[in-house]
Amino acid sequence: MNTRIPPEVWDHIFEIATHVPYILIPDIFDKSTFIGDEYNDIYLPALVDAFATKRNLVLVCKQWWHLAIRYLCRALLIDHRHPRKLLSICSTLQSYANGKGAVPGAKPLGWWTERLDVETCESAADEERLVDVIMCLPNLAIVHLDFRIRQPKDEPISRSIPNALRQVASSLRVLDWSTGSSDPATLLVVRELLAELPQLCILRCQYMPWTDGLIPPNILSSVTTFAVKGMLITEWGIPGESWPGDRRISLREVVINVGWNGSESWPIFMRLYGTFLSSVHLTICDGYRGRLFPHLAMIKQSCPNIRRLTLSMIGFSYLTRDTLSLPPIEYLGLSMCGVFHNKMESKSLFSALATLQDTLPTLRVVQLTYPHNVDCLLTAYQEVTMGALETDLAQCPFRIEDHNGNLLLGVYSESFFLYF
C-alpha cells in the first residue's frame, strides 16, 4: 500500500470499486416501485460480484483490511445456493461482536451492515441463526426476506424473526417480506411488527390482512411506497381500527398486482387511499389482457393526483387504443416480462407511443424499465426500433428512455457504432 496516499483517498477508491447502484439508502428510493423479483434478478447478482471484490481487497494486506473492512459487510446476501453461508456469517458477526479479531476500540463488523438479503431459511436452527445475525446489525436499513422455498412450506414463521427486527426498528427503512405465507398467525405477527417501524418508507409483502378495507394508520403514517400481491379481507383484524381521519397518511406509491388472490379487493383500497397517490405501478401477472383496461379505469377514477404510472405486462400487445386512455400523467414506465417471439411486440410498443403523442399532452417521459426489453429492441429488432424513432416518433414531444434514463435513440446509436 502506498503510504503517501491519505486514507480518505483509499476510502474513496474502495467505495468506487465496490459500488452497486440502487441497493442502499438513499439510491434505492429511485427504484422503490420495482423492488421485488425483477429488481432482485438485476441487482442481487451484482451484490455477489461486489462481495468477491471486497473480499479480495481486505486480503491484500493488514492496512487494507482495516480500511476496507467496513465495506465487506455493508450488504449481506444469503441465497439458496449457499445455505451454509448463514452459519458462517452468524459465527463471524458474533465473534466480532465479542471482540475477537477486532482492533481495540473499533466498531464490530456488524455495525457497518446496512442491507440484509436472505433467500433461504429451511429449519428452526436457521431461524435461530438468522435472529442472531439480525441482533448483530444495529444499523440495518434494508431487509429482504424470501422464504418461498421454505421446508416444510406450510409451517408458519415463528415470532423470533419479527421480534429481532424490532431491535432495529429505529433504522429500518425498507422491508421486503416475501414469505409467501397467508397463514393468519404469521400475517398478524408481521402486521404487529409493521406498527412498530416508525422510519419504514418502502413496504413489500406477499399478503396484507385488512378489515373493512382499512390498513392501520400507524403503518401508513411513514410508509410512502406500498407493494403487495394480495389484499386479504379478514374478520380477525386488530380491534378498534377505523378511518384515520386526521391521522397523517404518507402513502404516495402503490404497486398493484393483478391476477393474484385478493386482487379483487383493490377497488376498495383505491377508493379509500387513491387521493393520496402520485404514483402507481400496475402489474398484470397472468395472460388475461382484459384485466388491464378495468384497472386503468379504476386508477383514472380514483387517483386525481397521479403523475407517474408504470405498466408491467406479459406483452406490449396489451397496449391497445382502449387501454391507452390514461390519466394526465407526466411519466409512463413500460416493461414486458414475456418473450419477444416476433416483431409484433415491438411494433405494438411503438404504435402505442405514436398514439400517445396526440392523446396525452401532459406526458414528458416514457421509460422502458426492463433491461432485457431494451436489449431486444436494440439488437434483434433494431430495424423496427430505428424506423419508429426516426419516422413516427421523430418529433415526439416526450423523451423515450432506457432503464438507465438515457435517450433510447442515443443508446441505439452507441450500440450501432460499437457493433461495427
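Of the listed requirements (1) under 26 Å from the mean Cα position of the chain (by Cα); (2) of a type in the set (A, V, I, L, M); (3) surrounded by 19 or more Cβ atoms within 10 Å (Cβ to Cβ), ALA352 misses just one: (1). Summed over the range 215-239, the residues that are in contact with a Ser or Thr (Cβ under 8 Å, 6 or more places away or on another chain), at pLDDT below 75 and among the β-branched types (Val, Ile, Thr) give a count of 3. Please enumerate the residues belonging to the range 363-379 that are at pLDDT below 95, aliphatic (A, V, I, L, M) and over 14 Å from GLY405 (Cα atoms). Selection gives LEU377, LEU378.
Given the criteria touching a Ser or Thr at 6+ places or on another chain (Cβ under 9 Å) and over 16 Å from ALA75 (Cβ atoms), does GLU114 qualify?
Working: touching a Ser or Thr at 6+ places or on another chain (Cβ under 9 Å): yes; over 16 Å from ALA75 (Cβ atoms): no.
Answer is no for this residue.
Across the range 56-73, a minimum of one residue is classified as at pLDDT 85 or above and surrounded by 19 or more Cβ atoms within 10 Å (Cβ to Cβ).
Yes or no, residue by residue, for (1) among the hydrophobic types (A, V, I, L, M, F, W, C); (2) farther than 21 Å from GLN357 by Cβ; (3) touching a residue at least 60 places away in the same chain (Cβ under 8 Å):
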site: HIS372; (1), (2), (3): no, yes, no
site: THR379; (1), (2), (3): no, yes, no
site: GLU383; (1), (2), (3): no, yes, no
site: MET386; (1), (2), (3): yes, no, no
site: GLU390; (1), (2), (3): no, no, no
site: PRO397; (1), (2), (3): no, no, no
site: HIS403; (1), (2), (3): no, yes, no
site: LEU407; (1), (2), (3): yes, no, no
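Every test in (1) in contact (Cβ under 8 Å) with a residue 12 or more places away in the chain; (2) over 15 Å from ALA17 (Cα atoms) is passed by ASP41 save one, and that test is (1). Has the range 114-127 got at least one residue that is among the acidic types (Asp, Glu), closer than 23 Å to VAL174 by Cβ, touching a Cys at 6+ places or on another chain (Cβ under 9 Å) and without any contact (Cβ under 8 Å) to a residue 60 or more places away in the chain? Yes; the residues of the range 114-127 include at least one that is among the acidic types (Asp, Glu), closer than 23 Å to VAL174 by Cβ, touching a Cys at 6+ places or on another chain (Cβ under 9 Å) and without any contact (Cβ under 8 Å) to a residue 60 or more places away in the chain.
Identify the residue in the range 324-349 that is buried (at least 18 other Cβ atoms within 10 Å of the Cβ) and in a loop (DSSP other than H, G, I, E, B) and, among all such residues, is modelled with the highest pLDDT. If we take residues in the range 324-349 being buried (at least 18 other Cβ atoms within 10 Å of the Cβ) and in a loop (DSSP other than H, G, I, E, B), then ILE329 is modelled with the highest pLDDT. Based on what the data block shows, is LEU165 surrounded by 16 or more Cβ atoms within 10 Å (Cβ to Cβ) and at pLDDT below 90? Spelling it out, it is not the case that LEU165 is surrounded by 16 or more Cβ atoms within 10 Å (Cβ to Cβ) and at pLDDT below 90. Can you find a residue in the range 36-54 that is within 16 Å of the chain's Cα centre (by Cα), modelled with pLDDT under 85, within 22 Å of ILE134 (Cα to Cα) and crowded, with 18+ Cβ neighbours inside 10 Å? Within the range 36-54, one or more residues are within 16 Å of the chain's Cα centre (by Cα), modelled with pLDDT under 85, within 22 Å of ILE134 (Cα to Cα) and crowded, with 18+ Cβ neighbours inside 10 Å. Quick check on the range 100-121: of everything there that is in contact with a Pro (Cβ under 8 Å, 6 or more places away or on another chain) and at pLDDT below 85, which residue is surrounded by the most Cβ atoms within 10 Å (Cβ to Cβ)? Here the residue is THR120. Candidates are the residues of the range 355-370 that are part of a helix (DSSP H, G or I) and in contact (Cβ under 8 Å) with a residue 40 or more places away in the chain; the one that is nearest to ARG308 (Cα to Cα) is LEU356.
Can you confirm whether the range 355-362 contains a residue that is at pLDDT 90 or above and either surrounded by 17 or more Cβ atoms within 10 Å (Cβ to Cβ) or in contact with a helix residue (DSSP H, G or I) (Cβ under 9 Å, 6 or more places away or on another chain) (or both)? So far as the range 355-362 goes, yes, one or more of its residues are at pLDDT 90 or above and either surrounded by 17 or more Cβ atoms within 10 Å (Cβ to Cβ) or in contact with a helix residue (DSSP H, G or I) (Cβ under 9 Å, 6 or more places away or on another chain) (or both).
From the list SER242, SER265, SER278, which one is over 19 Å from THR323 (Cα atoms), among the polar types (S, T, N, Q) and modelled with pLDDT of 85 or more? Can you show your working first?
Details: SER242 fails: modelled with pLDDT of 85 or more; SER265 fails: modelled with pLDDT of 85 or more.
Of the residues listed, the single one that is over 19 Å from THR323 (Cα atoms), among the polar types (S, T, N, Q) and modelled with pLDDT of 85 or more is SER278.
The values are calculated or read from the model by the stated rules, or taken from the named source; none is laboratory data. Fair warning: this is a prediction, and the values are worked out from it, not measured in the lab. In this analysis, Cβ positions are derived from the backbone assuming ideal geometry, glycine residues included, and neighbour counts consider all displayed protein chains.
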